[in-house]
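The values are calculated or read from the model by the stated rules, or taken from the named source; none is laboratory data. This is a predicted model, so every value here is computed, not measured. Here the Cβ positions follow ideal geometry from the backbone for every residue, glycine too, while neighbour counts run over all protein chains shown.
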Amino acid sequence: MLITAPAAQLFTGYQLREQRCSYCKTTLGEGDPVCAYAVQYAGDEEWTVPRLYCRDCQSTITDPTLGATELLAEGRLGWMMDGATQRTSLTLLGIEQITKSAPEEGHVTL
Ligand SMILES: [Zn+2]
């Protein structure tokens, strides 16, 4: 499923803390195509982006988490600068595609 503006806005400007692929540990730099995994747990307003993957390691959401909304966004890494403070932060730019897993899509273990 492809969704557009709201999720793309979520990522654009999000300050990424991790700059390495969560799988192969390659350090990713500006302009590198990446895939970011974001999750929002039920009842929680906040989104977090705990994992980043290079395009070689990116996968789909193969094991959805019940009760959580998960997103995989494909884009590239880029630096954003705050002109007022002159501070730069790494973020996701040029988002091309977002895959979403709704809370009800998770597996229930019986
Ligand atoms: Zn990788």
Any hit, region 56-73, residues being of a type outside the set (A, V, I, L, M), modelled with pLDDT of 90 or more and in contact with an Asp or Glu (Cβ under 8 Å, 6 or more places away or on another chain): no
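Quick one: would you say Val34 is aliphatic (A, V, I, L, M), within 15 Å of the ligand (Cβ to nearest atom) and under 20 Å from Gln9 (Cβ atoms)?
On the way: aliphatic (A, V, I, L, M): yes; within 15 Å of the ligand (Cβ to nearest atom): yes; under 20 Å from Gln9 (Cβ atoms): yes.
Taking the combined requirement at face value, the residue satisfies it.
Where residues in region 18-31 are among the charged types (D, E, K, R) and more than 9 Å from the ligand (Cβ to nearest atom), which of them is surrounded by the fewest Cβ atoms within 10 Å (Cβ to Cβ)? It would help to see each step written out before you state the result.
Residues of region 18-31 that are among the charged types (D, E, K, R), as a first pass: 18, 20, 25, 30.
Filter once more, keeping what is more than 9 Å from the ligand (Cβ to nearest atom): 18, 30.
Numbers: Glu18: 13, Glu30: 11.
Filtering first and then ranking leaves Glu30.
Only one residue in Thr99, Thr85, Thr12, Thr91 is more than 13 Å from the ligand (Cβ to nearest atom), among the β-branched types (Val, Ile, Thr), modelled with pLDDT of 90 or more and touching a Leu at 6+ places or on another chain (Cβ under 7 Å), so which one is that? Before the answer, list the steps.
Values: Thr99 fails: modelled with pLDDT of 90 or more; Thr85 fails: touching a Leu at 6+ places or on another chain (Cβ under 7 Å); Thr12 fails: modelled with pLDDT of 90 or more.
Thr91 is the lone residue from the list that is more than 13 Å from the ligand (Cβ to nearest atom), among the β-branched types (Val, Ile, Thr), modelled with pLDDT of 90 or more and touching a Leu at 6+ places or on another chain (Cβ under 7 Å).
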Residues located in region 37-46, provided they are more than 16 Å from the ligand (Cβ to nearest atom) and either under 22 Å from Glu96 (Cβ atoms) or charged (D, E, K, R) (or both): Ala38, Val39, Gln40, Asp44, Glu45, Glu46
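Return the residue satisfying two criteria in turn: it lies in region 47-82 and is within 13 Å of the chain's Cα centre (by Cα) and not in a strand (DSSP E or B), and of such residues it is farthest from the ligand (Cβ to nearest atom).
Within region 47-82, the subset within 13 Å of the chain's Cα centre (by Cα) is 47-55, 58-61, 69-77.
Filter again for not in a strand (DSSP E or B), leaving 47, 55, 58-61.
Working: Trp47: 22, Arg55: 8, Gln58: 8, Ser59: 10, Thr60: 15, Ile61: 17 Å.
It comes out as Trp47.
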Cross-chain or 6+ apart pairs with Cβ under 7 Å, region 16-29 first and within 18 Å of Leu72 (Cβ to Cβ), then among the hydroxyl-bearing types (Ser, Thr, Tyr) and assigned to a loop (DSSP other than H, G, I, E, B): Arg20/Thr26
Failed item, numbered, when Asp56 is tested on (1) touching a residue at least 40 places away in the same chain (Cβ under 8 Å); (2) surrounded by fewer than 16 Cβ atoms within 10 Å (Cβ to Cβ): (1)
